[in-house]
Amino acid sequence: MGHSSQPGEESDPVARAEPDLSLEVVILLVFGVFMSLFGLLLFRIHAGELPYAPDSTYGLFLVIVSFQVITMGKTPFGDLRRSWAVILLGVCTAVVGMAACFVPGLLAGPVRILVGTLLFAGGIALLAQLFLSEDKARLWLKVSGILRHLTIACIIVYVMSIILGLVTLLPGITTDPQTAVLLIIYGIGFFYLAWCIQKVGRLYPQEGSA
């Protein structure tokens, strides 16, 4: 009555294979691709081979952040309960980001300051939560294996957020090639964090589904 499988369908591992990536992991992978690609392209931009509109880049970053806020209640400053207020905050962030993408120059200064503040202050807040919360780094470091990797991955991402937040707020403190390297490291940190969270979700499903 329902699904009737064809002969051999159940034994075909390729046909049965389905991605089991969580939404959080997918968004982290998107952040990783965004930062790594931005870093690689920045070398070409610095050489004058490609045009560049900084506020469009900041706008796209805000759109990705807003998607994370709306779908999971995860903000640059920590997790919040998914309420209508949080969803509205995410939508407003998306609108600002889209406006910056669609009309380069319209919000150049405010968007740069907003993104820099989110990265810098958010990185500090998340790093503090990582070590001050009893159920995070304090607990994870007592367990060998993937939880220690998770701690290291979080530290890399949060520290790089702080550094790139400063670079965004004070753009003259690094050269373009230096910023490009920082962005690539940041992207690799996101990939590492995504891998850790995926592994933790498989080994500790009760935590992964919280």
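The values are calculated or read from the model by the stated rules, or taken from the named source; none is laboratory data. All of these numbers come straight from a predicted model, not from anything done at the bench. When we count neighbours, we look across all protein chains shown, and the Cβ atoms used for this are built from the backbone with ideal geometry, even at glycine. Each accessible area value is taken on the protein alone, full model and side chains, heavy atoms only, with ligands, DNA and RNA left out. Shrake-Rupley method; radii C 1.70, N 1.55, O 1.52, S 1.80 Å.
All but one of (1) modelled with pLDDT of 90 or more; (2) under 27 Å from Leu37 (Cα atoms) hold for Phe131; which doesn't?
Condition (2) is where Phe131 drops out.
Only one of Val95, Val86 is farther than 30 Å from Tyr204 by Cα and either free of Cβ contacts under 8 Å to residues at least 40 places away in the same chain or not aliphatic (A, V, I, L, M) (or both); which?
Val95
Which of the residues that make up the stretch 65-74 are within 24 Å of Phe102 (Cβ to Cβ) and open to solvent by less than 20 Å² (accessible area, probe 1.4 Å)?
Residues of the stretch 65-74 that are within 24 Å of Phe102 (Cβ to Cβ), as a first pass: 65-71.
Matches in the stretch 65-74: Val65, Ser66, Val69.
Determine, yes or no, whether Phe102 is out of contact with any Lys or Arg (no Cβ under 7 Å at 6 or more places or on another chain) and open to solvent by 60 Å² or more (accessible area, probe 1.4 Å). Walk me through it before giving the result.
Working: out of contact with any Lys or Arg (no Cβ under 7 Å at 6 or more places or on another chain): yes; open to solvent by 60 Å² or more (accessible area, probe 1.4 Å): yes.
It is true that Phe102 is out of contact with any Lys or Arg (no Cβ under 7 Å at 6 or more places or on another chain) and open to solvent by 60 Å² or more (accessible area, probe 1.4 Å).
May I ask you to verify whether Ala85 is assigned to a helix (DSSP H, G or I), more than 19 Å from the chain's Cα centre (by Cα), among the hydrophobic types (A, V, I, L, M, F, W, C) and buried (at least 20 other Cβ atoms within 10 Å of the Cβ)?
Values: assigned to a helix (DSSP H, G or I): yes; more than 19 Å from the chain's Cα centre (by Cα): yes; among the hydrophobic types (A, V, I, L, M, F, W, C): yes; buried (at least 20 other Cβ atoms within 10 Å of the Cβ): no.
Against the criterion (assigned to a helix (DSSP H, G or I), more than 19 Å from the chain's Cα centre (by Cα), among the hydrophobic types (A, V, I, L, M, F, W, C) and buried (at least 20 other Cβ atoms within 10 Å of the Cβ)), Ala85 does not qualify.
Taking the stretch 51-82, which residues are in a loop (DSSP other than H, G, I, E, B) and either under 24 Å from Leu170 (Cα atoms) or in contact with a Phe, Trp or Tyr (Cβ under 8 Å, 6 or more places away or on another chain) (or both)? Explain how you work it out, then say what you get.
Restricting attention to the stretch 51-82, the residues satisfying the condition of being in a loop (DSSP other than H, G, I, E, B) are 51-53, 73, 76-77, 80-82.
Passing the criteria: Pro51, Tyr52, Ala53, Pro76, Phe77.
Can you tell me which residues in the stretch 24-64 are surrounded by 16 or more Cβ atoms within 10 Å (Cβ to Cβ), of a type in the set (D, E, K, R) and over 14 Å from the mean Cα position of the chain (by Cα)?
Answer for the stretch 24-64, where residues must be surrounded by 16 or more Cβ atoms within 10 Å (Cβ to Cβ), of a type in the set (D, E, K, R) and over 14 Å from the mean Cα position of the chain (by Cα): just Asp55.
Which condition does Leu21 not pass, out of (1) at pLDDT below 85; (2) more than 16 Å from Leu193 (Cα to Cα); (3) surrounded by 13 or more Cβ atoms within 10 Å (Cβ to Cβ), if it passes all the others?
Only one criterion in (1) at pLDDT below 85; (2) more than 16 Å from Leu193 (Cα to Cα); (3) surrounded by 13 or more Cβ atoms within 10 Å (Cβ to Cβ) is unmet by Leu21, namely (2).
Considering Leu126, Leu141, Leu107, which residue is without any contact (Cβ under 8 Å) to a residue 60 or more places away in the chain, surrounded by 17 or more Cβ atoms within 10 Å (Cβ to Cβ) and over 17 Å from Phe77 (Cα atoms)?
Working: Leu126 fails: over 17 Å from Phe77 (Cα atoms); Leu141 fails: surrounded by 17 or more Cβ atoms within 10 Å (Cβ to Cβ).
Exactly one residue qualifies, and that residue is Leu107.
Given the options Phe131, Phe120, name the one that is aromatic (Phe, Trp, Tyr) and either in contact (Cβ under 8 Å) with a residue 12 or more places away in the chain or crowded, with 18+ Cβ neighbours inside 10 Å (or both).
Working: Phe131 fails: either in contact (Cβ under 8 Å) with a residue 12 or more places away in the chain or crowded, with 18+ Cβ neighbours inside 10 Å (or both).
When all the criteria are applied, what remains is Phe120.
In the stretch 145-176, which residues are surrounded by fewer than 15 Cβ atoms within 10 Å (Cβ to Cβ) and under 17 Å from Gln198 (Cα atoms)?
Gly145
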